[in-house]
Amino acid sequence: MTTSNGPTHPSDEPRGGPAADVAPTRGPLRLALAETAGSNRLDGAWWPWSRDPEVEVPDLVDHFPSQSGRVVRVLISPPDWGSAPRQVRVAQGFVKIGSFPRDDTHLVHLTLSDRSVLHLLVVPPGFTDDQGGEALMAAATAGNAHSAAALLEEVMDSPDHDPRDQWTDHGDTFWTHSEGPPSFRTGG
């Protein structure tokens, strides 16, 4: 996908295409980490912009918050990605990439330089802003006991609208007793 401002993401242009010599713009790193690693089933979530680990993993490693540590190895779940490289180039050299021996979809394990391991939910790139934001927040919230798959299923099952914006045709909120069916109106 190319816009008048150039490509919006490195994987949006074919390699070697017309934009190959132009540095693409990327959105910010979409990452949410729990306050205390290891206290929940998930230590946070990462929402990559594409399914290309050769683009996304270096972005994660190079922009990972320095106060949280330095990523030295990454384990991915192959079904979440378009390929499974063994290593990728990052700003400081290379990072090894492994894959889970079984299908733990929607997880990435980051081994840090102090040998601690963070277990992060991988939010699918195609999620809406509301779904992605909700998944990031839920995975990083203290007390979260959901598995990655269960958390994503819950997010996908929740509506993309605020229930307070549901009104009946009689003026009552949908959540109070009313004889009429709900209508969807945007807040003013």
| remark: In whole Hz, the Karplus estimates of ³J(HN,Hα) for the stretch 123-135 (6.51, -1.76, 1.60; θ = phi - 60°; x where Gly or Pro) are 7, x, x, x, 5, 5, 4, 5, 5, x, x, 5, 5
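By how many nm would the segment from A91 to D103 lengthen if fully extended, with 0.36 nm per residue of separation less the alpha-carbon distance?
Working: separation 12, 0.36 × 12 = 4.32 nm, distance 2.97 nm.
So the extension gain works out to 1.4 nm.
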| Antiparallel bridges, percent of DSSP beta bridges restricted to the stretch 42-104 (to nearest 5) | 50
| field | Share, in percent, of DSSP beta bridges within the stretch 29-155 that are antiparallel, nearest 5 | value | 70
| Between D62 and S147, what is the label-to-label distance in nm when each label sits 7 Å out along the Cα-to-Cβ direction? | 3.5
| task | With the full set of protein chains in place, find how many percent of the accessible area of the stretch 26-95 is carbon and sulfur; take the probe as 1.4 Å. | result | 47
| Ranked highest first by average number of other Cβ atoms within 10 Å, how do 50-56, 79-85 line up? | 50-56, 79-85
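The values are calculated or read from the model by the stated rules, or taken from the named source; none is laboratory data. Note that the structure is predicted; figures quoted are calculated from it, not measured. Note that each Cβ is placed from the backbone with ideal geometry, even for glycine, and that neighbours are counted across all protein chains shown. Side chains are part of the model used for accessible areas, which takes the heavy atoms of the whole protein and leaves out ligands, DNA and RNA. Shrake-Rupley method; radii C 1.70, N 1.55, O 1.52, S 1.80 Å.
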